[in-house]
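Here is the structure we will look at.
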Amino acid sequence: MKQTAIIAPSILSANFATLGEEVTQVLKAGASMIHFDVMDNHFVPNLTIGPLVLSSLRKHGITADIDVHLMIEPVDRIIEDFAKAGATYISFHPEATPDVRKTIDLIKQHQMKVGLALNPDKPLENALEFLPDLDLLLLMSVFPGFGGQSFITDVLPKITEARQAIDALNKPIRLEVDGGIKADNIANVAKHGADTFVAGSAIFQADNYQTTINDMLKQIQG
Ligand code: DX5
Ligand code: ZN
C-alpha cells in the first residue's frame with residue numbers, strides 16, 4: 001500500500017564541514033527522512049561516509065529516520081556497526097552480497113528496517129521474491145556513484161510495475177526513487193507510484209531549502 005509521500009534529502013550534496021547544521025535545516029524545512037549514501041571506491045567509484053558519521057549525527061541530536069543506502073561490497077560485516085550507530089533503514093544492492101536472504105535477515109535481527117536497491121538496468125524481477133520481506137524498495141534512477149546526474153526516464157515503467165507489486169501484497173513497503181529528482185520532474189515520478197523521494201543536489205544546491213522542499217512537497221501530496 002502507498003505510504004505517506006515524503007522527501008529524503010541525500011546528504012551526498014551537503015556541506016560535510018557543517019553536516020549537523022545542514023541536516024537540522026532540511027528537517028526544519030519539511031524533509032522527513034535523511035538519505036545517507038555509503039560508497040566504498042570498489043562497488044562504486046566514489047568514497048563517502050560510514051557509521052562514524054551517522055553516529056555523530058545522532059550525537060548531534062538528529063532523531064529523524066536515517067535511510068542508509070549501501071553502495072559497498074561486502075555488506076554483512078558492516079551491518080552491526082550501522083545498527084549501533086543508529087541507522088533506521090539499511091538498503092543494499094543484491095549483487096553486493098552472496099546471499100541476499102541472509103543479509104535481509106541480518107539487518108532485521110539488528111532491529112533495522114530493510115531495503116533492496118535496484119540499478120536502472122536491473123529488472124524488477126530481481127527483487128520480487130524478496131519483496132514481502134522488505135520495508136522499502138529503492139529504485140535507482142541514475143547509476144549510483146555520484147550526485148547531480150540526470151534522471152533516467154526509462155525507469156518510469158519499472159516504478160509503475162513496482163507500485164502494482166507492492167499494492168498486490170498490501171503491505172506497508174515504501175517505494176523510494178533515487179537519482180536526478182528535481183522540482184520539475186518529481187510530480188511525474190509521483191504519478192508513476194513512488195512515495196519516497198530522494199533528492200540531493202536539487203535541495204542542497206538550492207539557495208533556500210525551505211522553498212525548494214515546500215515546492216516538492218506540494219507536488220507529491222494529495
Ligand atoms: C547516487 C546516490 C544518490 C544521490 C542523489 O549514487 O545514491 O542518493 O546522492 O543525488 P541527486 O539527487 O543529486 O541525483
Ligand atoms: Zn542514494
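We did not get these values from a lab; they are worked out from the coordinates using the rules stated. Remember, predicted model here, so these are calculated numbers, not experimental data. Counting neighbours? That spans all protein chains shown, and the Cβs are built from the backbone with ideal geometry, glycine included.
Which of (1) without any contact (Cβ under 8 Å) to a residue 60 or more places away in the chain; (2) within 29 Å of residue 47 (Cα to Cα); (3) away from ligand 1 (no atom under 11 Å from the Cβ); (4) buried (at least 18 other Cβ atoms within 10 Å of the Cβ) does residue 179 not meet, given it meets every other one?
It fails just one condition, (3).
So which of 181, 220, 166 is in contact with a strand residue (DSSP E or B) (Cβ under 7 Å, 6 or more places away or on another chain), under 18 Å from residue 130 (Cβ atoms) and aliphatic (A, V, I, L, M)? Walk me through how you get there before you give the answer.
Values: 181 fails: under 18 Å from residue 130 (Cβ atoms); 220 fails: under 18 Å from residue 130 (Cβ atoms).
Residue meeting the stated conditions: 166.
Taking the stretch 12-31 as the region of interest, how many residues are touching an Asp or Glu at 6+ places or on another chain (Cβ under 7 Å) and either within 12 Å of ligand 2 (Cβ to nearest atom) or polar (S, T, N, Q) (or both)?
2
Cβ-Cβ distance below 7 Å, separation of 6 or more or different chains: which pairs start in the stretch 162-174 with a residue that is over 18 Å from residue 113 (Cβ atoms) and end on one that is outside any loop (DSSP other than H, G, I, E, B)?
Qualifying pairs under 7 Å: 163/175; 165/128; 165/131.
Mind listing whichever residues of the stretch 145-182 are within 13 Å of ligand 2 (Cβ to nearest atom) and aromatic (Phe, Trp, Tyr)?
146
Under 9 Å between Cβ atoms, which residue pairs at least 6 apart in sequence (or on different chains) link something in the stretch 3-15 that is closer than 16 Å to residue 214 by Cα with a partner that is of a type in the set (Ser, Thr, Tyr) and away from ligand 2 (no atom under 13 Å from the Cβ)?
Final answer for the pair search is 4/32; 6/32; 7/32; 8/32; 9/209.
Going by the structure shown, is residue 131 touching a strand residue (DSSP E or B) at 6+ places or on another chain (Cβ under 9 Å) and within 16 Å of ligand 2 (Cβ to nearest atom)?
no
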